[in-house]
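What follows is one structure encoded as structure tokens, with my remarks underneath.
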Amino acid sequence: MASLDLSGKKAIVTGASSGIGAATAHALAAAGVRVAGGARRVERLETEIALELDVTDPESSARFVAEAVEQLGGLDILFNNAGLALGRAPFDESSEEDEARVFGTNVNGLVRMTRLCLPHFADWGHIVNMGSVAGRQAYPGGATYIAAKFAERGFTYALREDLLGRPIRITTVDAGMVLTEFSLVRFKGDAEQAASVYEGIDVMTAEDISDCVMFALTRPWHMNVDEIVVKARNQASGGRILREP
Ligand code: NAP
């Protein structure tokens, strides 16, 4: 199968300090892509260019994009990956603070980063947004995260319409359960509760998802992979998981 050579391309990866972002940054570098990674925990970034980024902060985001593009000398790929969920409780237990963080990171952050990066794509661009099966089907106890990931998918579809005619491809990768620090963050540092999420299931890894991102990026230029939906074999939907002893 013909696949596109990405060597020499220039990429921004948000949330590159952990999990899917870190795995994708490694895969891109291995394919010869120059990568600028951003995260709040800048000390954990292993990318060629490593810069502090808080996608919820307009100033931090603008500074990051300007510095990353300057150091890269251009931009071809944006992996909008930074994201999080908070809690697994029914919506009546939600708080103003948690809602602001979940929407501020997954929705406003992703939209902001896209707006800031768009002017820098020249004659070749690809935006990959990190979606979720939570953005396709609801499950109990995830209302704000589900709403945020539905918004991400809506934005991806809308962007596809608005970018038609420009040399920029756009993809959403919608994953089921992946073993990363996602659950540790979701349960606010409770390691036992986080570990219970992955009990009895052969869960997907961050590298499984970076493979999907790389698949979309390396398709021939005339193709646009609109969406990729992947789940563990024993996960039928966001809330329905077969756990084996
Ligand atoms: P993770 O290991 O917790 O990584 C999340 C990344 O996002 C970290 O690098 C974190 O960096 C970054 N981040 C969070 N808030 C940020 C902010 N305000 N500004 C900049 N970076 C920020 O979790 P993951 O599973 O790899 O999650 C990556 C993406 O995949 C998220 O969008 C998530 O919703 C999505 N996803 C995950 C799963 C899953 O089951 N794991 C399934 C479907 C989709 P810092 O904390 O250092 O800033």
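The values are calculated or read from the model by the stated rules, or taken from the named source; none is laboratory data. Please read all numbers here as calculations on a predicted model, not as lab measurements. All Cβ positions, even for glycine, are placed from backbone atoms using ideal geometry, and neighbour counts span all protein chains on display. Note: areas computed on protein heavy atoms with side chains; ligands, DNA, RNA excluded. Shrake-Rupley method; radii C 1.70, N 1.55, O 1.52, S 1.80 Å.
Just a few scattered comments:
- Taking a straight Cα-Cα cut-off under 30 Å and skipping sequence neighbours fewer than 8 places away in the same chain, the lysines within cross-link reach of Lys188 are Lys149, Lys231.
- Taking amide H as placed 1.01 Å from N in the peptide plane, Glu227 has its amide H under 5 Å from the amide H of Thr172, each at least 5 places away in sequence or on another chain.
- Vicinal HN-Hα couplings computed from phi for segment 13-23 (Karplus, 6.51 cos²θ - 1.76 cosθ + 1.60; Hz; Gly/Pro x): 10, 8, x, 8, 8, 6, x, 5, x, 5, 5
- For segment 154-161, Karplus couplings with θ = phi - 60° (6.51, -1.76, 1.60), whole Hz, Gly/Pro x: x, 5, 4, 4, 5, 5, 4, 5
- Using a cutoff of 8 angstrom between alpha carbon atoms and counting only pairs six or more residues apart, the relative contact order for the chain works out to 21 percent.
- Spherically averaged projected area in nm², based on the convex hull that wraps the Cα atoms of segment 10-230: 11.7
- Radius 12 Å from Cβ of Leu110, net charge of other residues (Lys, Arg +1; Asp, Glu -1): +3
- Extension gain, Ala138 back to Asn224 (0.36 nm per residue minus Cα-Cα distance, nm): 28.3 nm
- Between Glu59 and Glu97, the C-beta separation translates, for a Förster distance of 22 Å, into a calculated FRET efficiency of about 0.60.
- Between the helical axis of 206-217 and the longest alpha-carbon principal axis of the chain there is an angle of about 40 degrees.
- 1.4 Å probe accessible area per residue over segment 10-230, in Å²: 43
- Residue-by-residue Karplus 3J(HN,Hα) for segment 87-101, coefficients 6.51, -1.76, 1.60, Hz, glycine and proline x: x, 9, 9, x, 4, 5, 9, 6, 9, 3, 5, 5, 4, 4, 6
- Per atom type, segment 10-230 shows carbon and sulfur on 53% of its accessible surface, probed at 1.4 Å.
- Near His126, the amide H atoms lying under 5 Å from its own belong to Ile77, Leu78, Arg169; only residues 5 or more places off or on other chains count, and H is placed 1.01 Å from N.
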